[in-house]
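**Student:** Below is a structure I'd like to ask you about.
The values are calculated or read from the model by the stated rules, or taken from the named source; none is laboratory data. Because the structure is predicted, anything quoted here is derived from the model rather than measured. For neighbour counting, all protein chains shown are included, and Cβ atoms are generated from backbone atoms with ideal geometry for every residue, glycine included. Quick note on the areas: whole protein, heavy atoms, side chains included, nothing else; ligands and nucleic acids left out. Shrake-Rupley method; radii C 1.70, N 1.55, O 1.52, S 1.80 Å.
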Amino acid sequence: MVFAVGDMEIATVGTDGDDRAIEFLVRPEGVLEEARFAISREHGQGWETARLTLDPHTDGVPLAAVEWAVEFAREYL
């Protein structure tokens with residue numbers, strides 16, 4: 001799924017089989033390279049166990065994208 005969030009495009013590119021992780025690609029307007037990150041949690045655990053993982057090759061992720069992704073993940077994880 002691809003979403004327009006402000007001047008960014010955010011895509012969900014994968015979930016694991018148990019819906020415990022969602023991977024996101026974010027591309028702010030005018031930026032050629034995408035940033036990649038994931039939000040995951042342990043199966044059977046509450047939201048307080050969720051973790052944010054950044055791709056080591058990503059220069060940075062806009063905070064607004066993370067904020068949006070957290071709200072999205074709360075609904076789907």
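**Student:** Could you check region 45-66 and list, in sequence order, the residues that are within 13 Å of Glu9 (Cβ to Cβ) and surrounded by fewer than 17 Cβ atoms within 10 Å (Cβ to Cβ)?
**Tutor:** Answer for region 45-66, where residues must be within 13 Å of Glu9 (Cβ to Cβ) and surrounded by fewer than 17 Cβ atoms within 10 Å (Cβ to Cβ): just Ala64.
**Student:** Look through region 45-66, keep the residues that are β-branched (Val, Ile, Thr) and in a helix (DSSP H, G or I), and return whichever of them is nearest to the chain's Cα centre (by Cα).
**Tutor:** We begin by selecting, within region 45-66, every residue β-branched (Val, Ile, Thr); these are 49, 53, 58, 61, 66.
Filter again for in a helix (DSSP H, G or I), leaving 49, 66.
Working: Thr49: 16, Val66: 6 Å.
So the residue we want is Val66.
**Student:** Another question about this same structure. Can you tell me which residue is farthest from Leu77 (Cα to Cα) among those in region 34-44 that are of a type outside the set (Val, Ile, Thr) and open to solvent by less than 90 Å² (accessible area, probe 1.4 Å)?
**Tutor:** Ranking the candidates gives Glu34 first.
**Student:** Which condition breaks for Glu42 when tested against (1) in a loop (DSSP other than H, G, I, E, B); (2) at pLDDT 90 or above?
**Tutor:** (2)
A quick yes/no check of all residues on (1) open to solvent by less than 30 Å² (accessible area, probe 1.4 Å); (2) part of a helix (DSSP H, G or I):
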residue: Ile10; (1), (2): yes, no
residue: Phe24; (1), (2): yes, no
residue: Leu32; (1), (2): no, no
residue: Trp68; (1), (2): no, yes
